[in-house]
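Accompanying notes for the structure given below.
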Amino acid sequence: MRVVLICHGATAATRTAAFPADEPLTEAALRDAAAGPDLGRVDRALRGPMLRCAQTAAALGLAADPDERLRDNDYGRWRGRTLDEVATAEPDAVTRWLTDPGSAPHGGESVVELVERVGRWLDERPADVGHTVAVTAPAVVKAALVHALAAGPASFWRIDVGPLARAVLRGGPGRWTLRWIVDGSA
C-alpha cells in the first residue's frame, strides 16, 4: 500500500505564520498547484475538509473526497492569530504548547491528540486500495510522519512541511516506511 500525503498550497495564514482558519489559497498557490507534479496512479483521492485542501486537490486534478479525519489541528482560540501575536499575549502558553506535546493551552487539540487521530486514520487505510493520495494540512502531514516512524510526539516540532510538499509512505498498520519526501518548492 502507498499513501501520498500532499500539503495544501500557500494561504495568507501560511505566509504570515498565523494559526489557520479556513482561508483560501493565494493566487500564486493556485497556479503552483495547477503546475504540480504527475501523481502517477491514484486509486483513491482524499482531502481535508478545509477550503484550502479542496482548492489544492482540484488544482492538482484530483476528484478528492473530503475526510474529516484529515482536518487541520484544532488551534482553539488561537485560530486566525499570528504566532507572534499569541507569543506576545500568552508567552507561557506558547512555551508550554511548544515543549509539552500533551498540552493544548489554546483550548483545541494537543499534538498528542493530533498524532493519535492521524495515526488511526493511517492505520485504517484499506489494504485493497493500493495508492491513496491525501491533500491535507502541514500539521496532519507531520503527525502522519511521526506515527509512521514511531517517533515520539515531541519530534513533531522537528519536521518542517511547506506548501505543496509531498511525503510518500509505504506499508501498512504498524509497518509504515517513509519512502521519500519532496519539498513543494522543488
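Please treat every number below as a calculation from the coordinates, not as lab data. What you are looking at is a predicted structure, and each value in this text was computed from that prediction instead of being measured. Every residue, glycine as well, gets a Cβ built from its backbone with ideal geometry; the counts of neighbours run over all protein chains shown.
For the range 64-115, state which chymotrypsin sites (Phe, Trp or Tyr not before Pro) are in a DSSP loop and have at most 15 other beta carbons lying within 10 Å of their beta carbon.
none
Relative to the Cα centre, what is the charge dipole magnitude of the chain, using +1 at the beta carbon of each Lys and Arg, -1 at the beta carbon of each Asp and Glu, and rounding to the nearest 20 debye?
520
Per-residue HN-Hα couplings for the range 130-141, Karplus 6.51 cos²θ - 1.76 cosθ + 1.60 at θ = phi - 60°, whole Hz, x for Gly and Pro?
Here the 3J(HN,Hα) series is x, 10, 10, 10, 10, 9, 8, 8, x, 4, 6, 4 Hz.
Please list the non-local residues whose amide H lies under 5 Å from the amide H of GLY61, H modeled 1.01 Å from N, same-chain partners needing a gap of 5 or more.
none
Suppose the chain between ARG175 and GLU116 were pulled fully straight at 0.36 nm per residue; how much longer would it get relative to their current alpha carbon spacing?
Between ARG175 and GLU116, full extension yields 19.6 nm more.
Report the label-to-label distance for VAL182 and ARG158 in nanometres (one decimal), using points 7 Å from each Cα along the Cα→Cβ vector.
Going by the 7 Å Cα→Cβ label model, 2.6 nm.
Explain nothing, just the number: relative contact order of the range 2-182, from Cα pairs under 8 Å at least 6 residues apart, as a whole percent.
Relative contact order here is 30 percent.
Among (1) 116; (2) 131; (3) 100, which one is volume of the Cα convex hull per residue in Å³ computed from these coordinates?
Of the labelled values, this structure produces (3).
Measure nothing but the geometry: give the 0 to 90° angle between the long axis through the Cα atoms of 111-123 and the longest principal axis through the Cα atoms of the chain, rounded to 10°.
So the inclination is approximately 10 degrees.
Say R0 is 35 Å: what FRET efficiency, to the nearest 0.05, do GLU85 and ASP123 get from their beta-carbon distance?
0.45
With charges set only on the Cβ (+1 for Lys and Arg, -1 for Asp and Glu), what does the dipole of the range 87-168 come to about its Cα centre, in debye to the nearest 20?
Dipole about the Cα centre, nearest 20: 240 debye.
Run the helix sum for the chain: -39,500 (n - 2.57) per DSSP H stretch of 4+ residues, divided by residue count, reported at 222 nm to the nearest 500 deg cm²/dmol.
Value at 222 nm, helices only, nearest 500: -9500 deg cm²/dmol.
Per residue of the range 70-83, in order, report the coupling 6.51 cos²θ - 1.76 cosθ + 1.60 (Karplus, θ = phi - 60°) as ³J(HN,Hα) in whole Hz, putting x for Gly and Pro.
Calculated HN-Hα couplings, in order: 9, 5, 5, 4, 7, 8, x, 6, 7, 3, x, 9, 7, 4 Hz.
Where does the charge balance sit around ALA63 when Lys and Arg score +1, Asp and Glu -1, over other residues with C-beta under 15 Å from its C-beta?
0
Among LEU145, PHE156, ALA87, which residue has its Cα furthest toward the positive end of the charge dipole of the range 2-182, with +1 on Lys/Arg Cβ and -1 on Asp/Glu Cβ?
Value: LEU145.
Can you tell me how much longer the chain between ALA12 and ASP38 gets when fully stretched, taken as 0.36 nm per residue apart minus their C-alpha distance, in nm with one decimal?
Contour length minus Cα-Cα distance gives 6.8 nm.
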